[in-house]
Amino acid sequence: MTAPVYNFAYLDEQTKRMIRRAILKAIAIPGYQVPFASREMPMPYGWGTGGVQVTASILGPDDILKVIDQGSDDTTNAVSIRKFFSRTAGVRTTTSTQEATVIQTRHRIPETPLTEQQVLVYQVPIPEPLRFLEPRETETRRMHALSEYGLMHVKLYEDIARHGHIATTYAYPVKVAERYVMDPSPIPKFDNPKLSDCPALQLFGAGREKRIYAIPPYTRVASLDFEDHPFEPYRHEAQCELCGAADSYLDEVITDDAGNRMFVCSDTDYCETRRAAGEGGRKAAAAMERAP
Amino acid sequence: MNSACENPLLKVEGLTKWYGRRLGCRDVGFDLYEGEVMAVVGESGSGKTTLLQLLSGQMEPSGGCVLYRLRGGSEADVWRMSEPMRRFLFRTDWGYVHQDAQLGLRMGISAGGNVGERLMAVGWRNYGAIRQSAVDWLARVEIDRDRIDDPPRTYSGGMRQRLQIARNLVTAPRLIFMDEPTGGLDVSVQARLLDLLRRLVADLNLAAILVTHDLAVARLLSNRIMVMKAGEVVETGLTDQVLDDPREPYSQLLVSSILPA
């Protein structure tokens, strides 16, 4: 026994095997929440302990890892997790969506279309879509088992009754492969159409709640709605002021306390790639000058 | 009418429930036909609620069987059918009105959502149609239209009870279980609720099993009555016959204990 040494990618091999078994089961039953023995990770719950465990168990030495937090590569969460894996696994990390083979994400799907060579790992805070409607875990499991999903529509009904339209903007419930209703983690509903028929494997890990679920490649994922109130993805009616994109999901950034604001792409890699290719928005020139 | 009416809707044979060594109810049997209201009366602890839960498939009996005639005409044993089937029956063909409206309603969801839940559970996916159905049912149970988006938390006791009835009747059930539907309400509200129930039961040709300890409620609503004591049925018969001319000593005691108005 000498100085403590980490196994490749932090988790020991037995733990990884256990998680991989859960992942395989999750892929076999799309949208079904598989319980697993979630481990304590060296980060607080809510920071992606579930996603990190999934990433750790699927990571190989040749993988290239990208981590995003709300679409951004340079926030604390994303930077810390990237550093964590480059230290414990020695894998190469990147901010480029195209280059990455494993992408761990918190609350966004990259704008750049994913490929069959990629795996998208979501961090999930609360995996149970019925949780706030039915507090009993025994009952929600039974409802999933018997696919009794009327209650999910009650939530959408309440939205319309109160606001005149479906006001759920994120964590919008979906039905996977026409069987299980699933919480897609708090991604904006703008991203919901990207879940369906995606060439990449999508894995969801909830560390605190100890659940793993998955959407296999090319699986149909339908957002729940009413016939007379169909699902509509939401996007601010503006262009990115840095790269001029009119099709990407936008963040609203408040620039001063006089009510001024600007819209920018939430996916930083997408925005930067476009700008490098010469695209520009209204504020692009000014922003370039301000950049260090 | 048609031949279906000749067969009972619900056939109960030898229904028994033991809670360990304690008796819930023993050897209860009866037939219930469409459009018929049967009251189960007896003092508290006599096994009335136990019986209701056994009948409605919420608690598994220790012995005996409950046969229900499905819409197709075939008979099914409630405890032999699959769980999805039983749960489906419970939210479509049956209704269950709890004494405490909080148990039967979702208190945080608007009245319209409460009424619409059963419709959405059976596959309604048109908001306009669900909404219209909720509006109609609230009108039928005399709740103002402009209260449709209020949660039942903001409702009075009588309104909650009426909302619970609307929620149960929206899928046009054929059989409804009522556990002390008027318990805990004041007398004038009770009268109004009874009036409403009597009308709905007649209009919809509902079969109902009504558990109550209030003989006045039984007299007003039911065609038949079953008197229970210590888990066993002591007397059954037409309501007027049992209440006006009780045979068993216990029934006589029960009837004579009503205070003269």
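What to note about this one:
- Qualifying residue in region B:27-36 (condition: loosely packed, with under 14 Cβ neighbours inside 10 Å and either among the hydroxyl-bearing types (Ser, Thr, Tyr) or in contact with a Gly (Cβ under 9 Å, 6 or more places away or on another chain) (or both)): yes
- Test set (1) part of a helix (DSSP H, G or I); (2) within 13 Å of chain B (Cβ to nearest Cβ) - A:ASP191 fails condition number: (2)
- Segments classed as helices (runs of 4 or more DSSP H), wholly inside region B:176-261, with at least 2 members that are under 24 Å from B:TYR68 (Cα atoms): B:187-204, B:215-221
- Just so you know, in region A:208-244 the residues that are within 17 Å of the chain's Cα centre (by Cα) and among the polar types (S, T, N, Q) include one that is nearest to A:ARG21 (Cα to Cα), and it is A:THR219.
- Which numbered condition B:ASN126 fails, given (1) within 14 Å of chain A (Cβ to nearest Cβ); (2) in contact with a helix residue (DSSP H, G or I) (Cβ under 7 Å, 6 or more places away or on another chain); (3) of a type in the set (S, T, N, Q): (2)
- Within region B:47-105, the set of residues being in contact (Cβ under 8 Å) with a residue 60 or more places away in the chain and aromatic (Phe, Trp, Tyr) comprises B:TYR68, B:TRP94, B:TYR96.
- Leading residue by the ranking (farthest from B:LEU9 (Cα to Cα)) among those in region B:47-68 that are under 16 Å from the mean Cα position of the chain (by Cα) and part of a strand (DSSP E or B): B:VAL66
- Residue in region A:129-138 that is away from every other protein chain (no Cβ under 14 Å) and either in contact with a His (Cβ under 7 Å, 6 or more places away or on another chain) or free of Cβ contacts under 8 Å to residues at least 40 places away in the same chain (or both) present: yes
- Test: residue in region A:40-60 that is touching an Asp or Glu at 6+ places or on another chain (Cβ under 7 Å) and either modelled with pLDDT under 95 or not in a loop (DSSP other than H, G, I, E, B) (or both): no
- As a summary of the residue check, B:PRO8 satisfies the conditions (1) assigned to a loop (DSSP other than H, G, I, E, B); (2) loosely packed, with under 14 Cβ neighbours inside 10 Å except for the one numbered (2).
- Contacts under 8 angstrom Cβ, first residue in region B:110-122 being at the interface with chain A (Cβ under 7 Å from one of its Cβ atoms), partner of a type in the set (Asp, Glu) and in a helix (DSSP H, G or I), 6 or more apart: B:SER110/A:GLU158; B:GLY113/A:GLU158
Each row is one residue, and each column tells you yes or no for (1) under 24 Å from B:GLY57 (Cα atoms); (2) within 14 Å of another protein chain (Cβ to nearest Cβ); (3) charged (D, E, K, R); (4) free of Cβ contacts under 8 Å to residues at least 24 places away in the same chain.
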{"position": "B:TRP137", "(1), (2), (3), (4)": "no, no, no, no"}
{"position": "B:GLU142", "(1), (2), (3), (4)": "no, no, yes, no"}
{"position": "B:ASP146", "(1), (2), (3), (4)": "no, yes, yes, yes"}
{"position": "B:ALA166", "(1), (2), (3), (4)": "yes, no, no, no"}
{"position": "B:PRO173", "(1), (2), (3), (4)": "yes, no, no, no"}
{"position": "B:VAL189", "(1), (2), (3), (4)": "no, no, no, no"}
{"position": "B:LEU194", "(1), (2), (3), (4)": "no, no, no, no"}
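- Whichever residue in region A:1-39 is farther than 30 Å from A:GLU137 by Cα and of a type in the set (Gly, Ala, Ser) and, among such residues, is modelled with the highest pLDDT: A:ALA9
- For region A:142-152, a residue qualifies if it is in a loop (DSSP other than H, G, I, E, B) and either more than 9 Å from chain B (Cβ to nearest Cβ) or of a type in the set (D, E, K, R) (or both), and exactly one does: A:GLU148.
- Checking A:GLU134, A:GLU139, A:GLU178 one by one, the residue that is assigned to a helix (DSSP H, G or I), among the charged types (D, E, K, R) and surrounded by fewer than 22 Cβ atoms within 10 Å (Cβ to Cβ) is A:GLU139 and no other.
- Every residue from region A:202-228 that is surrounded by fewer than 22 Cβ atoms within 10 Å (Cβ to Cβ) and more than 14 Å from chain B (Cβ to nearest Cβ): A:ARG208, A:GLU209, A:LYS210, A:PRO216, A:PRO217, A:TYR218, A:THR219, A:ARG220
The values are calculated or read from the model by the stated rules, or taken from the named source; none is laboratory data. The structure presented is a predicted model; accordingly, all values stated were derived computationally and were not measured. A quick note on method: Cβ atoms are made from the backbone with ideal geometry, for glycine too, and the neighbour counts reach across all protein chains shown.
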